[in-house]
1. Local charge sum around residue B:219 (other residues, Cβ-Cβ under 11 Å, Lys/Arg +1, Asp/Glu -1)?
2. Which whole number gives the average count of other chain Cβ atoms within 10 Å of the Cβ atoms across peptide B:462-469?
3. Assigning unit charges at the beta carbon (Lys, Arg +1; Asp, Glu -1) and nothing else, what dipole magnitude in debye, to the nearest 20, does the protein assembly as shown show about its Cα centre?
4. Can you tell me the length gained on complete extension of the stretch residue B:142 to residue B:75, counting 0.36 nm per residue apart and subtracting the Cα distance?
5. Charges on Cβ only, +1 for Lys and Arg, -1 for Asp and Glu, centred on the Cα centroid of chain A; of A:127, A:203, A:250, which one is farthest towards the dipole's positive end?
6. Which percent of Cα-Cα pairs in the protein assembly as shown sits in each 20 Å bin, short to long?
7. Between rounded, prolate and oblate, where does the range B:361-400 land on the alpha carbon gyration tensor, with a ≥ b ≥ c its root eigenvalues, rounded for a/c under 1.5, else prolate if a/b exceeds b/c?
8. In percent, how large is the relative contact order of the range B:89-156, given Cα pairs closer than 8 Å and 6 or more residues apart?
2 protein chains.
Amino acid sequence: MNATPPPNQVFIGTFIHCRALDELEYLHGTAVFVDGPTGKIVAVERECGHSGRLEETFTKLGWSSAEVKIHDTTTTTTTTTAGTAGKAGGEGKDVSFFFPGFIDTHIHASQYPNVGIFGKSTLLDWLNTYTFPLEASLAKDLAKARRVYGRCVRRTLSHGTTTAAYYATIDVAATNLLLDICLARGQRALVGRVCMDEPRTCPPWYADESAAQTLSRTRECVAHARMRDPRGDTVRPIVTPRFAPSCTPAAMRALGDLARGEGLAVQTHVSENKGEIELVHAMFPGESAGGRGYAGVYDAFGLLGERTILAHGVHLSEAEAELLRARGSKVSHCPCSNSAITSGAAPVRWLLEKGIDVGLGTDVSGGYSPSVLEAARQASLVSRHVAMGGDDRAKLSVEEVLYLATRGGAKCVGLEARVGGFEVGMEWDAQLVRLGGVGDGDDEGVDEGNVDVFGWESWEEMVAKWLFNGDDRNTRKVWVKGRLVHERV
Amino acid sequence: MNATPPPNQVFIGTFIHCRALDELEYLHGTAVFVDGPTGKIVAVERECGHSGRLEETFTKLGWSSAEVKIHDTTTTTTTTTAGTAGKAGGEGKDVSFFFPGFIDTHIHASQYPNVGIFGKSTLLDWLNTYTFPLEASLAKDLAKARRVYGRCVRRTLSHGTTTAAYYATIDVAATNLLLDICLARGQRALVGRVCMDEPRTCPPWYADESAAQTLSRTRECVAHARMRDPRGDTVRPIVTPRFAPSCTPAAMRALGDLARGEGLAVQTHVSENKGEIELVHAMFPGESAGGRGYAGVYDAFGLLGERTILAHGVHLSEAEAELLRARGSKVSHCPCSNSAITSGAAPVRWLLEKGIDVGLGTDVSGGYSPSVLEAARQASLVSRHVAMGGDDRAKLSVEEVLYLATRGGAKCVGLEARVGGFEVGMEWDAQLVRLGGVGDGDDEGVDEGNVDVFGWESWEEMVAKWLFNGDDRNTRKVWVKGRLVHERV
């Protein structure tokens with residue numbers, strides 16, 4: 001399915017990645033060596049530049065230098081002279097750096113055409129008004145599904161998303177199609193068929209007919225994924241009960257058993273909206289009783305493990321947070337969505353301090369943007385709305401939201417040993433970011449994105465500028481496992 | 001200074017503008033006729049298309065059809081067939097429409113290089129850490145000022161800002177330069193020299209030396225503006241006491257007298273941040289006493305009139321709001337800034353219901369983006385954070401935030417009779433917006449912006465998509481008073 005593996009490659013320039021939650025590491029004049037067949041980083045040489053020292057490493061790695069593809073970003077852009085302060089002349093040159101690919105821990109590919117369309121709705125009416133009709137239309141029409149999924153994967157790659165945890169629809173064929181598109185495009189993905197069989201809440205025209213059908217359809221998608229990518233190197237299936245209110249107890253129990261039995265990850269929603277939480281308590285009085293809450297419902301059916309991604313977690317109780325921590329379950333923070341459909345402001349600092357792993361989700365189309373950079377930006381802003389409530393510590397820094405977008409997300413999808421940073425042994429899932437320099441002419445580079453570098457900024461300031469004004473125009477190239485999967489020419 | 005006036009022009013296609021706070025009007029197949037010398041709209045013909053009916057209007061207007069410049073957007077894009085629902089094939093064509101130019105009612109041009117740079121600061125430390133040093137550096141260096149202001153005006157035009165209320169620096173020459181740049185570029189602007197003479201709060205290296213100097217320097221800028229554009233058709237001076245804490249009572253009184261005597265508009269800040277409010281109460285115990293508050297301080301010095309634009313108004317009391325309403329003063333809502341530097345969530349619905357006119361401000365660089373579309377998007381999201389506090393009515397709709405960005409802003413800058421809509425007698429300050437259609441190929445048009453039109457969306461939905469995923473790539477052309485001031489090729 002994949003093209004011929006790329007040759008051995010070396011990337012030269014500035015590399016920025018997260019060393020800890022609140023710390024970015026800046027590696028200037030560095031060379032990163034990527035093995036062709038595996039896409040793995042096999043060497044990182046600091047202060048390497050593009051001198052004869054490359055040859056030494058080639059020899060050490062047993063590479064023939066004639067066959068290495070060299071990506072040298074230092075020849076065309078400034079990567080080491082920034083940070084000299086205060087000059088006014090036209091020294092604002094383009095600045096390039098490599099950054100780990102983004103990880104979107106929660107996105108409904110099937111809802112992509114609805115981005116930005118939510119009116120004044122909140123979760124439950126939003127589902128019925130906007131979401132179910134669109135998803136149902138895709139489930140019935142593979143040509144439409146191909147158009148929507150193709151565009152969604154194309155767009156997320158252009159935003160630097162190298163890994164995504166997707167919800168598709170209830171339809172087996174369309175879900176399999178989404179997985180095939182990710183594989184063909186080279187995007188790392190967890191792809192889930194949406195499970196929903198509860199007749200009290202699901203529309204009759206868009207639901208599984210029984211818990212048995214929920215299970216059998218899910219098994220079909222798991223089998224397809226394993227046929228396409230047996231080791232799950234690029235794409236994997238993920239068990240996806242939509243959310244507790246749309247699933248019968250029998251379905252959730254069956255899905256929990258399936259996940260445990262087959263070693264599969266699980267994704268679902270939790271505590272997004274207050275009306276939803278009341279509904280869960282009303283529908284699952286036993287499972288949620290005694291303070292076990294909404295999260296306790298999933299736990300009761302064996303769906304809460306360390307490979308479970310719970311989207312939102314806006315209104316979790318102390319007891320629920322403790323349960324998540326104990327189970328090692330992850331939270332996908334979706335700030336664009338939570339603001340847009342007025343779900344609430346998630347207390348991310350509180351979750352992190354509880355010891356819960358948190359990543360970012362675009363939550364298309366509750367969220368209005370398929371960009372993880374936009375999600376990171378909104379995570380920063382939403383954390384300030386939490387801080388307005390009185391706790392200044394709630395604020396998330398530039399470094400922290402970029403951590404959530406990369407390392408944090410990698411933990412959520414269980415790939416923290418493989419992606420999210422530039423260490424030997426990890427795979428080359430990366431983006432080349434370019435920020436435009438402001439010359440003396442007003443017009444120069446104005447069409448190449450909204451980040452303007454005047455030349456006196458520090459690296460920390462340039463990264464902040466990227467976070468707050470960057471977009472897909474700044475993401476010049478994107479690689480997954482060493483393979484170039486997007487390029488902006 | 002301006003180029004030769006453009007010829008008579010007719011624009012044909014779909015026009016969208018605000019009819020009321022919560023209502024957009026969609027004029028399809030319409031022709032708008034713009035007089036060359038004045039830039040005024042002289043006729044609007046509904047259902048005109050591009051048939052012989054144009055000739056009738058030309059005759060009525062006494063125009064020679066050979067000399068009319070025709071901008072027909074219906075020949076290259078779909079403007080009337082959208083809204084047919086549910087088809088899947090590749091019928092997502094590009095969609096174009098004309099929209100009124102945006103009005104930025106609060107922007108510090110001198111802070112443009114700092115967009116996105118604010119760390120975890122709040123207002124008062126942000127001023128000292130980031131703002132004053134940059135402004136001071138521009139005040140001393142005209143080459144740097146030219147580079148910064150040139151880029152800022154270039155950028156705001158590219159985002160569709162046809163009118164901006166600018167703060168420059170304390171420097172006379174640099175302030176005059178900003179006004180000259182706006183005039184040369186053709187952007188409508190109110191340009192204010194920043195007044196700050198209070199030694200207790202202003203850094204000694206960045207302040208007027210006395211109230212007398214504050215007044216004389218301001219008069220110099222007013223004189224320059226009137227020399228350049230005597231009738232203020234394009235650019236005007238605006239009296240700009242930075243904010244109460246940075247001005248002495250003598251300076252504020254002198255500026256109030258100047259504004260009244262010369263018929264000038266006034267701009268300043270009010271009730272942005274709680275620490276700032278406490279400072280105002282401490283510095284102006286008399287003026288703010290008896291519930292008159294922060295707004296009362298400006299009123300005491302004659303600075304509160306119907307031509308006064310007050311940025312922020314996040315924490316106004318009932319009495320202050322009543323004072324604003326009584327004086328007819330305007331509020332510039334700056335949601336990006338208020339979230340970024342954790343000032344608070346402004347209660348816009350409450351202000352509107354008090355009868356106060358509200359516009360949008362980017363507040364660069366407290367705000368991280370020079371785009372009014374981004375400000376409108378954040379106004380929507382911030383209003384939802386207000387609604388999370390319990391009042392669902394606080395939510396602002398797509399229509400409402402676009403009203404604030406156009407008609408609301410026009411009221412703030414006193415130009416509501418001239419700009420903000422497409423009516424006969426108004427001037428042609430407009431932008432041509434294009435949204436990209438999704439064809440059957442995944443790649444088509446992916447580089448032309450992030451709005452994807454699949455072809456089944458209603459016009460209301462397409463406008464929502466533009467609001468939430470649009471950027472400067474969608475703003476293809478921008479005109480001020482009939483003159484083309486920006487074009488994306």
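Just so it is clear, none of the values below were taken in a lab; they were calculated from the coordinates. Here the structure is a predicted model, which is why all the values come from computation and not from measurement. With ideal geometry, Cβ positions are generated from the backbone for all residues, glycine too; neighbour counts draw on all protein chains shown.
1. On the way: positive: B:193, B:217, B:226; negative: B:220, B:262.
With Lys, Arg at +1 and Asp, Glu at -1, the neighbours total +1.
2. What the average comes to for B:462-469 is 5.
3. On the way: 104 positive and 122 negative charges, 82 e Å.
Dipole of the protein assembly as shown, to the nearest 20 debye: 400 debye.
4. On the way: separation 67, 0.36 × 67 = 24.12 nm, distance 4.62 nm.
Taking 0.36 nm per residue and subtracting the Cα distance, the gain is 19.5 nm.
5. Checking the options against the dipole of chain A, the answer is A:250.
6. Distribution as computed: 14, 44, 34, 8, 0 percent.
7. It comes out oblate by the Cα gyration axes.
8. Normalised by residue count, the contact order of the range B:89-156 is 39 percent.
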